[in-house]
1. What list of ³J(HN,Hα) values in whole Hz, one per residue of segment 58-72 in order, does the Karplus curve 6.51 cos²θ - 1.76 cosθ + 1.60 (θ = phi - 60°) give from phi, with Gly and Pro shown as x?
2. Arrange the following residues from fewest to most other Cβ atoms within 10 Å of their Cβ: MET36, MET93.
3. Using 0.36 nm times the number of residues separating ARG108 and GLU38, minus their current alpha carbon distance, what extension gain do you get?
4. Assign unit charges at the C-beta atoms only (+1 for Lys and Arg, -1 for Asp and Glu), then state the dipole size of segment 28-122 relative to its Cα centre in Debye, rounded to the nearest 20.
5. Karplus couplings for segment 38-46 from phi (6.51 cos²θ - 1.76 cosθ + 1.60, θ = phi - 60°), rounded to Hz, Gly and Pro as x?
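Any read-out appearing in this document is the output of simple, stated calculations on the displayed coordinates, not a laboratory observation. These numbers come from a predicted model, not from an experiment. Every residue, glycine among them, receives a Cβ derived from its backbone with ideal geometry; neighbour counts consider all protein chains shown.
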Amino acid sequence: MSASPDTATFNGEDLNFDDFQLEDFDTPTIAEPLVMPERDLSFFKKIPVTVTLEVASKEIALGDLMKAGEGSVIELDKLNGEPLDVKVNGSLMGHAEVVVVNDKYGLRLIDVLDSALAGVTQ
């Protein structure tokens, strides 16, 4: 089997872009925005979450922690009187101070971060 001498080859000079019909591509069409019906989100208000009041923390070497014993003091990273971190399921929600209500600890919110409420519908 031998190659046919009549094999056509592509020649870029023979390509004429004026022959193409490109009118349809000049005006982009914009789809209508999809309107979603408002949903009742009251269901989410019943989902339990864990609220934690974090006093302070400190990163120390394991060797130093192993030396600690009864009566040892580990200095933490917050000052006395400084607002404490309020976390919801581990994410920072805001800051609070400790209060006592009916012989139980409680917290009084000082501020709530805007990012903690982003996307929440009332």
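1. Running phi through 6.51 cos²θ - 1.76 cosθ + 1.60 with θ = phi - 60° gives 7, 9, 9, 6, 4, x, 5, 5, 5, 7, 5, x, 4, x, 5 Hz.
2. Numbers: MET36 6, MET93 20.
Exposure proxy ranking, most exposed first: MET36, MET93.
3. 21.9 nm
4. My answer is approximately 320 debye.
5. Couplings: 5, 9, 7, 9, 5, 4, 5, 5, 9 Hz.
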